[in-house]
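**Student:** Just dropping this structure here.
The values are calculated or read from the model by the stated rules, or taken from the named source; none is laboratory data. Bear in mind that the values here come from a model prediction, so they are computed numbers and not experimental data. FYI the Cβ positions are ideal-geometry reconstructions off the backbone, even for glycines, and counts take in every protein chain you see.
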Amino acid sequence: MTEPLDSLLTNSGLEPSADLVLKIAIPRPLRRSFDYLPPPGVDLSALQMGLRVEVPFGSRKTVGYLLGVGQSEVADKALLKPALSLLDREPLLFSDDCAILLWASRYYHYPIGEVFATAFPVLLRQGGSAEPACVRLLGLTAAGRAAAPPTRAPRQAMLLQVLQESALGMATAELNALGWDWQNPARALIDKGWAIYQDGEAEAIKPGVAVTASPHQLNPAQQSAVDAVLDSLDGYRAFLLEGVTGSGKTEVYLRLAEQVLARGAQVMILLPEINLTPQLEGRFRARLATSLVVFHSGLAEPERCRAWLALRNGTASILLGTRSAVFTPMSRPGLIILDEEHDASFKQQDHFRFSARDVAVMRARRLRIPILMGSATPSLESLGNVQSGRYVRLALPERTGVAAPPVFRVIDIRKQRLNEGLSDALLAQIGAAMARGEQALLFINRRGFAPTLICHACGWVAECQRCDARLVIHAAERCLRCHHCGHEEPVLRDCPKCRTADLRPLGLGTERVEQALAKQFPKARLLRMDRDSTRRKGSLEDMLDKINAGEVDILLGTQMLAKGHHFPNVTLVGILDVDGGLFSLDFRAGERTAQLIVQVAGRAGREERPGLVLLQTRQPEHPLLRKLIREGYPAFAEAALQERRAAELPPYSYQALCRAEANDEQTPALFLTRLAELAAGQTEVLALGPVPAPMPRQAGRWRSQLLLQSAERKPLHDLVEILIRHMPQIPETKRVRWSMDIDPVDLF
Ligand code: ADP
Ligand code: ZN
Ligand code: ZN
């Protein structure tokens, strides 16, 4: 990561001359910078990397990013256009941030201009002003933050809720965009002393002091984890905090944040999902009186922009964000915390395919601050990094307080008659939990009613016409839907092939299990949580409130349930079907399945009452499953790592996946064959393929892939560079859409 480009900017070796040009990164898929003449009257020696510059590009204006100042490579100076204006007096990115972006562009082999653009919120990317606009913001007072919504005044309640969700207050324009009369309720909230108008930036710097002392004394494991990180606050070190669910990881984060704030530094906290932010935000706000901002894609652009600038300018001390927040500049960096580090959502799956976890580690290193990555089920990559000494492992081996680990029981469903996927044993336990006034949680891998519609006369199944995938039945909306391209059609009555009226749902989805449960337990209060039922904004929060208020008896849903939520009343967990995960082609499937089982199981019995986990399977003898259930995740992970080592798979080797797609079947394979031929000359890199993608046709396009693998990073990256440089000479390049995925986490 030694980056010579910094020095370009000092101008030291260069004569001040009219020949100097601005080297600008343009946010387009172009692997080079562009030369522009400086705008008249600009002092070149004062310019720094990362500055936003407005330039003409093609027939339009665009915002580019200054990489350096130097001699032009364009021979004919008359061809150079002048830059139009400098958008900032000083760069919004600090030099360490620029260095990370340059590293990321090289490491992920992604165009520099697009990498720079990724670091900025959309408004700034579009050239918006970074000056703290002097707008009138409606914000909440401390009393307003703590207030419960007034039940008699629904509009006030609505406005209060909107404001409670916005960290920095809202501008009039944003409030108007709500589309309802907010002015009258605003006046009422102000009269109550709950809301207040403020000018300019919403919050001034507040010292980071604890408002509420911690209710707990740290246990020895927590204390030594906290001490270890505190001991390294002055430099870089990567820590892996391995703690079973409910072992008090969040408590460790809170203590560390408190200490870092007390030293006047900032904390960046990264989470895999928007859905997890409200809960953590609540815990941080309840404990620390400091300005905390949230940054994720669910926020309105102006608010995201304000949050980004607040961290950049130091008016905020804590940032809570998802993947895209990892590039946010910090004026006083102190600590990075990344929770649920094993979660694949940290990897961006399109365009700029970076891993926010890996970028965060590189950033911490560059900023010379510690990073703490937490998980109950660490990724094998991170455990590999512990083995090799790159990460320091900190363990919280036990649940806090009285909570005991849940008890696992495997239900062999091979010779059983199931009731819509539910075994008698599971049904009996659900009934028993209800009788005790406790909650049951059921995990099903798939949303919708059933994964497909089949003809019992001829065996025809409903397939998407544009993908190699089956259509999923959605009963509530009475449609068949493709989960890959979104294609929808009405549910058929008769088989289109043999005309028999005997079409039946095949397989299980959340909707179908919900129906079956409603029949079995007519008095039960059911709640289904999946992507369909939580689509409306705020619905997930409502659901979580209901669960925690004890207004739900049986909770069922997909992956969403597995992630981080705390359900104190759940004592029974049923896992309906994970067998699919045990037999996938992806070598990471076993790891994912194990993580999912442990995470779902971790929702059970988090308080006084013990938890029971029932796992339905047709593979009770599966070695991986047995290891996991008998000996726990660490033992499973060790065995899985040994297998990876023997098979020379990551983390014991490095991969890059080149994907290509086109409107016809042959072109992607032809394109990738040319690359494979080039790769064949390299002995240190193995080229596997090209092969058709696991789903060869998606949304009407044909897809192939070529996997590159090497025992060392360098030859792999060198080869990738060579392949990309060579592409313009391959005739098929123009007819495919290709991407290069470095360290792919999903081979699909
Ligand atoms: P995790 O993040 O590992 O799932 P949490 O930090 O949410 O765990 O802690 C789980 C529960 O235990 C919470 O209710 C928390 O308040 C409580 N807790 C945390 N640390 C302690 C402690 N040292 N003593 C008692 N209770 C604790
Ligand atoms: Zn048929
Ligand atoms: Zn489709």
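**Student:** Is it the case that Gly169 is crowded, with 22+ Cβ neighbours inside 10 Å and touching a Gly at 6+ places or on another chain (Cβ under 6 Å)?
**Tutor:** So Gly169 passes the test.
**Student:** State which residue is modelled with the highest pLDDT when the search covers only the range 231-260 and only residues that are part of a helix (DSSP H, G or I) and among the hydroxyl-bearing types (Ser, Thr, Tyr).
**Tutor:** Looking at residues that are part of a helix (DSSP H, G or I) and among the hydroxyl-bearing types (Ser, Thr, Tyr), I get Tyr253.
**Student:** Taking Thr534, is it away from ligand 1 (no atom under 16 Å from the Cβ), surrounded by 14 or more Cβ atoms within 10 Å (Cβ to Cβ), over 28 Å from the mean Cα position of the chain (by Cα) and at pLDDT below 95?
**Tutor:** When the stated conditions are applied, Thr534 does not pass them.
**Student:** Conditions first: (1) farther than 21 Å from Val229 by Cα; (2) of a type outside the set (Gly, Ala, Ser); (3) surrounded by 20 or more Cβ atoms within 10 Å (Cβ to Cβ). Leu394 passes all but one, so which condition is the exception?
**Tutor:** It is condition (1) that Leu394 fails.
**Student:** Residues being farther than 19 Å from Ser739 by Cβ and surrounded by fewer than 23 Cβ atoms within 10 Å (Cβ to Cβ): count how many of those fall in the range 100-120.
**Tutor:** Number satisfying all stated conditions: 2.
**Student:** When the range 372-406 is examined, which residues are found to be in contact with a helix residue (DSSP H, G or I) (Cβ under 9 Å, 6 or more places away or on another chain) and small (Gly, Ala, Ser)?
**Tutor:** Gly374, Ser375, Ala376, Ser379, Ser382, Gly384, Ala395
**Student:** Moving on. Give the residues of the range 367-384 that are in a helix (DSSP H, G or I) and closer than 26 Å to Gln266 by Cα, sorted by residue number.
**Tutor:** Leu367, Ser382, listed by residue number.
**Student:** Same structure again: Quick check on my filter: what residues within the range 385-417 are part of a strand (DSSP E or B) and at pLDDT 90 or above?
**Tutor:** Those that are part of a strand (DSSP E or B) and at pLDDT 90 or above: Tyr391, Val392, Arg393, Leu394, Ala395, Leu396, Phe408, Arg409, Val410, Ile411, Asp412.
**Student:** Whether any residue in the range 275-292 is of a type in the set (Lys, Arg), within 11 Å of ligand 1 (Cβ to nearest atom) and in contact with a Gly (Cβ under 9 Å, 6 or more places away or on another chain) is what I want to check.
**Tutor:** No, there is no match, as no residue in the range 275-292 is of a type in the set (Lys, Arg), within 11 Å of ligand 1 (Cβ to nearest atom) and in contact with a Gly (Cβ under 9 Å, 6 or more places away or on another chain).
**Student:** To continue, here is another question. Please determine whether any residue of the range 481-504 is away from ligand 3 (no atom under 16 Å from the Cβ), on the phi < 0 side of the Ramachandran plot and in contact with a helix residue (DSSP H, G or I) (Cβ under 9 Å, 6 or more places away or on another chain).
**Tutor:** no
**Student:** Which one of Leu506, Leu540, Leu526, Leu544 is more than 21 Å from Ala601 (Cα to Cα) and aliphatic (A, V, I, L, M)?
**Tutor:** After ruling out the rest, the residue left standing is Leu506.
**Student:** Let me ask something else about it. Take the residues in the range 414-431 that are aliphatic (A, V, I, L, M) and surrounded by 19 or more Cβ atoms within 10 Å (Cβ to Cβ), then tell me which one is farthest from Leu506 (Cα to Cα).
**Tutor:** Checked the range 414-431; the qualifying residue farthest from Leu506 (Cα to Cα) is Ile430.
**Student:** Further question on the same structure: Just one of (1) more than 33 Å from the chain's Cα centre (by Cα); (2) in a loop (DSSP other than H, G, I, E, B); (3) surrounded by 23 or more Cβ atoms within 10 Å (Cβ to Cβ) trips up Val42, so point out which.
**Tutor:** Exception for Val42: condition (3).
**Student:** Mind listing whichever residues of the range 418-465 are within 16 Å of ligand 3 (Cβ to nearest atom), out of contact with any His (no Cβ under 6 Å at 6 or more places or on another chain) and in a loop (DSSP other than H, G, I, E, B)?
**Tutor:** Of everything in the range 418-465, those that are within 16 Å of ligand 3 (Cβ to nearest atom), out of contact with any His (no Cβ under 6 Å at 6 or more places or on another chain) and in a loop (DSSP other than H, G, I, E, B) turn out to be Arg446, Arg447, Pro451, Ala462, Gln465.
**Student:** What residue, of Gln698, Gln729, is farther than 30 Å from Gly486 by Cβ and either in contact with a His (Cβ under 8 Å, 6 or more places away or on another chain) or modelled with pLDDT of 95 or more (or both)?
**Tutor:** Gln729
**Student:** Output the qualifying pairs, or none if there are none: Cβ atoms under 9 angstrom, residues six or more apart or on different chains, first residue in the range 461-484 and within 19 Å of Thr500 (Cα to Cα), second residue within 10 Å of ligand 3 (Cβ to nearest atom) and of a type in the set (Gly, Ala, Ser).
**Tutor:** Once the first residue is within 19 Å of Thr500 (Cα to Cα) and sits in the range 461-484, its partners that are within 10 Å of ligand 3 (Cβ to nearest atom) and of a type in the set (Gly, Ala, Ser) give Glu463/Ala469.
**Student:** Six or more apart or on different chains, Cβ under 9 Å: which pairs go from a residue in the range 585-604 that's more than 16 Å from Phe567 (Cβ to Cβ) and buried (at least 22 other Cβ atoms within 10 Å of the Cβ) to one that's among the polar types (S, T, N, Q) and modelled with pLDDT under 90? Could you list them?
**Tutor:** Within 9 Å, the pairs are Gly590/Ser584; Thr593/Ser584.
**Student:** Take the range 286-297 and flag every residue that is surrounded by fewer than 19 Cβ atoms within 10 Å (Cβ to Cβ) and more than 16 Å from the chain's Cα centre (by Cα).
**Tutor:** Ala286, Ala289 - these are the residues of the range 286-297 that are surrounded by fewer than 19 Cβ atoms within 10 Å (Cβ to Cβ) and more than 16 Å from the chain's Cα centre (by Cα).
**Student:** Yes or no: Val472 touching a Ser or Thr at 6+ places or on another chain (Cβ under 8 Å), away from ligand 2 (no atom under 15 Å from the Cβ) and at pLDDT 90 or above?
**Tutor:** Criteria met by Val472.
**Student:** OK, next. Evaluate the range 399-413: report whether one residue or more is under 27 Å from the mean Cα position of the chain (by Cα), under 26 Å from His216 (Cα atoms), away from ligand 3 (no atom under 16 Å from the Cβ) and crowded, with 18+ Cβ neighbours inside 10 Å.
**Tutor:** yes
**Student:** State whether one or more residues within the range 627-637 are of a type in the set (Ser, Thr, Tyr) and part of a helix (DSSP H, G or I).
**Tutor:** Looking through the range 627-637, at least one residue is of a type in the set (Ser, Thr, Tyr) and part of a helix (DSSP H, G or I).
**Student:** Residues in the range 487-511 that are within 27 Å of Val578 (Cα to Cα) and either within 16 Å of ligand 1 (Cβ to nearest atom) or touching a Phe, Trp or Tyr at 6+ places or on another chain (Cβ under 7 Å) (or both): how many?
**Tutor:** Total satisfying the criteria: 3.
**Student:** Answer yes or no: is there a residue in the range 246-256 that is at positive phi, surrounded by 20 or more Cβ atoms within 10 Å (Cβ to Cβ) and more than 16 Å from ligand 2 (Cβ to nearest atom).
**Tutor:** Checked against the condition, which is being at positive phi, surrounded by 20 or more Cβ atoms within 10 Å (Cβ to Cβ) and more than 16 Å from ligand 2 (Cβ to nearest atom), the range 246-256 yields at least one hit.
**Student:** So Glu258 passes all but one of these: (1) within 13 Å of ligand 1 (Cβ to nearest atom); (2) in contact with a helix residue (DSSP H, G or I) (Cβ under 8 Å, 6 or more places away or on another chain); (3) not hydrophobic (A, V, I, L, M, F, W, C). Which condition number does it fail?
**Tutor:** With (1) within 13 Å of ligand 1 (Cβ to nearest atom); (2) in contact with a helix residue (DSSP H, G or I) (Cβ under 8 Å, 6 or more places away or on another chain); (3) not hydrophobic (A, V, I, L, M, F, W, C) applied to Glu258, the lone miss is (1).
**Student:** Follow-up. Evaluate the range 489-498: report whether one residue or more is away from ligand 2 (no atom under 16 Å from the Cβ) and out of contact with any strand residue (DSSP E or B) (no Cβ under 8 Å at 6 or more places or on another chain).
**Tutor:** no
**Student:** Another one. Which ones in the range 499-523 are in a loop (DSSP other than H, G, I, E, B) and either within 16 Å of ligand 2 (Cβ to nearest atom) or buried (at least 17 other Cβ atoms within 10 Å of the Cβ) (or both)?
**Tutor:** Arg499, Thr500, Ala501, Asp502, Gly507, Leu508, Gly509, Phe521
**Student:** Of the numbered conditions (1) surrounded by 22 or more Cβ atoms within 10 Å (Cβ to Cβ); (2) of a type outside the set (Asp, Glu); (3) in contact with a strand residue (DSSP E or B) (Cβ under 7 Å, 6 or more places away or on another chain), Pro302 fails exactly one; give the number of that condition.
**Tutor:** Failed condition: (1).
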